[in-house]
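Report on the following structure.
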Amino acid sequence: MSFSRRQFIQASGLAVCLGSISSSVRAESVNDKQLPIPPLLESRRGQPLFLTLQNVHWAFNGTQKAEVWGINGSTPGPTIKVKSGDDIKLIYSNRLNEAVSMTVSGLLVPGTQVGGAARLMSPGAYWSPVLPIRQKAATCWYHANTPFKMAPHVYNGLVGMWIVEDEESKSLPLPKHYGVNDFPIIIQDKRIDNFGTPQYDKEAASDGFYGDTLLVNGREDPYIEVSRGWVRLRLVNASNARRYELTANDGRSLYLIASDQGLLTSPVELKSIPMAPGERREILVDMSEGGEVTITAGQSAGFMDRLRGIFEPSDLLRNANVLTIKPTGLMSLMTDKVPTQLAVDDTQITTSIQPRTIQLHNSPPGINNARWELSRIDLVGKQNGWERWLVTVPTPQPFHIEGARFKVINHNGQKPTPADFGWKDTVWIESQSELLVELKQPSYSHFPFLYYSQLLENADKGIVGQMEVTPLE
């Protein structure tokens, strides 16, 4: 796009106005950029956890409040922490004016408790699942999975973090003080108008929604202040379609310690970490020496691109900063070296391996030439069964399986990079990937598990399949 003379004059005037903001206003803006830490909800003595889906007022830029969707008064919603072995009662209450369903991606529970179409909550309705927590420590996320409306409902703000703890993870010398040295980092990109309100255009997002504003916990370009030592970041890519490549602006290493389904066997030292929509990572950053560091997600848009964004929607991020970490000079309690072993993976394949061919299609949208039908079961497996899925996509996109975990065997015939080590439930597929899938939980014809494109606009088009997993006898 080229600028007309009139548009250039308008843009220049706007730039001059922006440059003339008083120092006092700028100082206030900086103060508002501290990373919001979602409240922590923990189940104690069997008491239920209440999650209210409602309209909230939120300032994405720290100043202008807009009405959006949220949970318990904030967007993203509170962080839920549970212990492996517990049975957690949730009470969802829908105070929105639309029917909504919710799920916890990464939580391995039976199909009756996973959410989705069979658990759709009308306005004013409730849903009270009891979730058996029977898995190792992991960072999961809960979010809307309303059939054919996943993209706008997640974009509107129905997301939050879910942390599973177990005794092994608690005993490791890792940062574990929530909001002190262990931080939830929920990443979304949005398109914010001049009044601070997120805009979503379904028609313009036919190939996936991409915003121009990068938000972390609902705030643009935030910072945290930490004591010197190790800092743990629990990362969730809650964006509809955008994939990120996270790096430190000073080139320091990032230590990957966990993937979607929990801790790796040992830390992996990386210079950059990819994050596809729906993926979770846990990383450690060494802040024992040096000054502040900024975690970035690529290049920010240039000056001319930002000016163009004034007059037409832009897919370029105005600011690609994810988080700035500022050491305070005080020594942390967590200064030990990262343990060389984090977890023991003694998983044994106990059954024959069932092969599957899964082909995603864009036109017409669907999987294996079939568009999502709520009344149809597309494949049947067995609980605790092992399967080999060969997943092919027409264009690069993320792929997710409910009720299961998998390891990446290869991408396009090549061994996975260290970023794809460990047990996963979501993966970025460029063309074709081979997955070793373990079906951990049972599901039923009326309560099936879904497997789908995690590019949410694709899922809403019907690039989704339904799976019944017969329970153990």
Margin query: Can you tell me the length gained on complete extension of the stretch Glu98 to Ser300, counting 0.36 nm per residue apart and subtracting the Cα distance?
Written below: 69.1 nm
Item checked: Cα pair distances of the range 105-256 binned at 10 Å [whole percent] -> 9, 31, 34, 22, 5, 0
Item checked: Net charge, Val464 excluded, C-beta distance under 13 Å - Lys, Arg +1, Asp, Glu -1 -> -1
Checklist line | Over 45 Å [Cα-Cα, the chain], rounded percent | finding: 9
Next item on the list: Would you compute the Debye intensity of the range 39-113 from its alpha-carbon atoms alone, equal scatterers and no solvent, and pass along log10 I(q)/I(0) at q = 0.11, 0.13, 0.21, 0.22 Å⁻¹ to two decimals?
Entry: -0.35, -0.48, -1.04, -1.11
Checklist line | Average Cα contact separation per residue, the chain, under 8 Å, 6 or more apart, as relative contact order % | finding: 14
Next item on the list: Evaluate the distance, in nm, between pseudo-label points positioned 7 Å from the Cα of Ser375 and of Leu472 along their respective Cα→Cβ axes.
Entry: 3.5
Item checked: All-pairs Cα distance distribution in the range 339-449, expressed in whole percent, bin size 5 Å -> 2, 10, 19, 23, 21, 14, 7, 3, 1, 0
Notebook entry, point to check: Quick one: what Rg and Dmax do you get for the range 46-162 from the alpha carbons, in Å?
Noted result: 14.0, 43
Checklist line | Listed pairs Lys407/Lys461; Lys337/Lys440; Lys136/Lys424; Lys81/Lys461 exceeding 23 Å between Cα atoms | finding: Lys407/Lys461; Lys337/Lys440; Lys81/Lys461
Item checked: Scattering profile of the range 122-187 at q = 0.16 Å⁻¹ [log10 I(q)/I(0), Debye over alpha-carbon scatterers] -> -0.77
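None of the figures in this text is laboratory data; all of them are computed from the coordinates on show. None of the values given here were measured: they were computed from a predicted structure. Note that we place each Cβ from the backbone using ideal geometry, even for glycine, and neighbour counts take in every protein chain shown.
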